[in-house]
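Novice: Before we start, here is the structure in question, set down as structure tokens.
The values are calculated or read from the model by the stated rules, or taken from the named source; none is laboratory data. Small disclaimer: the values here were computed from a predicted structure and weren't measured. Cβ: placed from backbone, ideal geometry, glycine included. Neighbour counts: every protein chain shown.
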Amino acid sequence: MLYVDVDLYFLLWKLSTIIGILSIILCTAIAITPDGTKVISGSEDNSVQVWDFEKGTLLSEVSHGSHIRSIAVSNSYVIAGDLLGGIKVWALEE
């Protein structure tokens, strides 16, 4: 279960054990890949993070030019938009 609250934090919970498997991070945008294997988060620290949805592990992190405001994702790419209107596209690594 993915939980996002009004304070811009998100948690990923493994319902079978009811144990939180991701750290709390300040995020301003979030998306899940169409195949459901990855969670992509963007935050005010100008970073975009790729998480393994099942394991809850951080797979990669990239820096952006400004605070992240939007994220779009496919199984192959991440598109992130920032506060200043910049857009960057990254290929998702397997």
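Novice: Restrict the check to the range 68-85 and report whether at least one residue is β-branched (Val, Ile, Thr) and exposed (fewer than 14 other Cβ atoms within 10 Å of the Cβ).
Specialist: no
Novice: Any residue at all in the range 49-63 that's among the aliphatic types (A, V, I, L, M) and in contact with a His (Cβ under 9 Å, 6 or more places away or on another chain)?
Specialist: The answer is no, given that none of the residues of the range 49-63 is among the aliphatic types (A, V, I, L, M) and in contact with a His (Cβ under 9 Å, 6 or more places away or on another chain).
Novice: Return the only residue of SER23, SER66, SER70, SER60 being outside any strand (DSSP E or B), among the hydroxyl-bearing types (Ser, Thr, Tyr) and modelled with pLDDT of 85 or more.
Specialist: The conditions single out SER66.
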